[in-house]
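Here the structure comes first, spelled out in structure tokens, and everything after it is commentary.
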Amino acid sequence: MTAIDDDMAARRAAMVREIEQTAAGLVPRFSLSPRVLAAMGDVPRHAFVLPEHLSDAYRNGPLPIGFGQTISQPFIVALMTDLAALKPGDRVLDIGTGSGYQAAILAGLVSHVFTIELCAPLAARAAKTFKDLGLHNITMRVGDGHRGWPEEAPFDAIVVAAAPGEIPEALIAQLKPGGRLVIPVGGRTQKLIVVEKGSDQSSHRSEIIPVSFVPLMKDDSAGSA
Ligand code: SAH
């Protein structure tokens, strides 16, 4: 390891401690699973931020990634990953690839991640990052996440990083029985929602915390996804 790697590893460890403290400070207190915290401690977030934000890569906040988009706050990535209740053999759909950071965290915890990004230049940059880091269990495509990914469904979990006004029915339809959808919903005020699909096709919604995500945009070029 170089001195820079050592420095980044130390900053990453401090970020993980801050994430744990943020979770413990929620009312009611939230305790993140050790598996999720280990994944947050493994993935080099500095590989997913723009060069000008390198020194802020392990700050517990969102950062701009260009094209009006952001890499999510590390605590929120950890919380959403935890709420997805993942198992090692799972197949997961990640909507709004952005920098690819959330997909990389998921990839360390499950067998395969499918990820969809609407903005082609962001998708191209994330694809290069996945290649550079040797992340081979991520399949990405450019398209509109409102439709999910029917060809690869059903999924054990779906994690969405941009907020629609209403939960897209296609996403609930693409969950396995017992599967979970973790999604921010709303306009100016948003809530993080977990939808659990029952074994009888019923679904149960829980509201977790208020959040602030970019909007899940509509793809106007119908059929291109
Ligand atoms: N998970 C990302 C967060 C990126 S922000 C990360 O870890 O960096 C949300 C992303 O959703 C943006 O990149 C935006 O371009 C994308 N997005 C917005 N609307 C979308 C849609 N309808 N389908 C797919 N991606 C969408």
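The values are calculated or read from the model by the stated rules, or taken from the named source; none is laboratory data. This is a predicted model, so every value here is computed, not measured. Note: ideal-geometry Cβ built from the backbone for every residue, glycine included; neighbour counts use all protein chains shown.
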Positions within segment 85-96 being more than 10 Å from the chain's Cα centre (by Cα) and either at positive phi or more than 13 Å from the ligand (Cβ to nearest atom) (or both), in sequence order:
A85, L86, K87, P88, G89, D90, R91
Number of positions in segment 44-100 that are within 18 Å of V113 (Cβ to Cβ), aliphatic (A, V, I, L, M) and surrounded by fewer than 20 Cβ atoms within 10 Å (Cβ to Cβ)
2
Within segment 63-84, track down each residue that is more than 8 Å from the ligand (Cβ to nearest atom) and under 8 Å from the mean Cα position of the chain (by Cα).
M80, T81
Since F30 meets every condition but one in (1) away from the ligand (no atom under 15 Å from the Cβ); (2) modelled with pLDDT of 95 or more, which condition does it not meet?
(2)
Conditions first: (1) within 12 Å of the ligand (Cβ to nearest atom); (2) buried (at least 20 other Cβ atoms within 10 Å of the Cβ); (3) touching a residue at least 60 places away in the same chain (Cβ under 8 Å). G148 passes all but one, so which condition is the exception?
(3)
For segment 43-62, how many residues meet the condition of being within 19 Å of S212 (Cβ to Cβ), more than 10 Å from the ligand (Cβ to nearest atom) and not in a helix (DSSP H, G or I)?
3
Note: among A153, A173, just one is touching a helix residue (DSSP H, G or I) at 6+ places or on another chain (Cβ under 8 Å) and surrounded by fewer than 19 Cβ atoms within 10 Å (Cβ to Cβ), namely A153
Tell me, which residue of segment 101-112 that is buried (at least 23 other Cβ atoms within 10 Å of the Cβ) and of a type in the set (A, V, I, L, M) is farthest from the ligand (Cβ to nearest atom)?
A107
Condition (residue is over 30 Å from L50 (Cβ atoms), in contact with a helix residue (DSSP H, G or I) (Cβ under 7 Å, 6 or more places away or on another chain), in contact (Cβ under 8 Å) with a residue 40 or more places away in the chain and surrounded by 14 or more Cβ atoms within 10 Å (Cβ to Cβ)) applied to segment 192-214: is it met by at least one residue?
yes
Failed condition for A123, given (1) small (G, A, S); (2) surrounded by fewer than 18 Cβ atoms within 10 Å (Cβ to Cβ); (3) farther than 26 Å from I209 by Cα:
(2)
Just for strands (runs of 3 or more DSSP E) wholly inside segment 72-180: which have at least 1 residues that are within 22 Å of V195 (Cα to Cα) and touching a strand residue (DSSP E or B) at 6+ places or on another chain (Cβ under 8 Å)?
91-95, 112-117, 155-160
Note down all Cβ pairs under 9 Å where the first residue falls in segment 16-32 and is under 18 Å from A85 (Cβ atoms), the second is exposed (fewer than 15 other Cβ atoms within 10 Å of the Cβ) and of a type outside the set (G, A, S), and they're at least six residues apart or on different chains.
A23/R29; L26/I209; F30/I209
Can you confirm whether segment 169-183 contains a residue that is of a type outside the set (A, V, I, L, M, F, W, C), within 16 Å of the ligand (Cβ to nearest atom) and farther than 20 Å from H112 by Cα?
yes
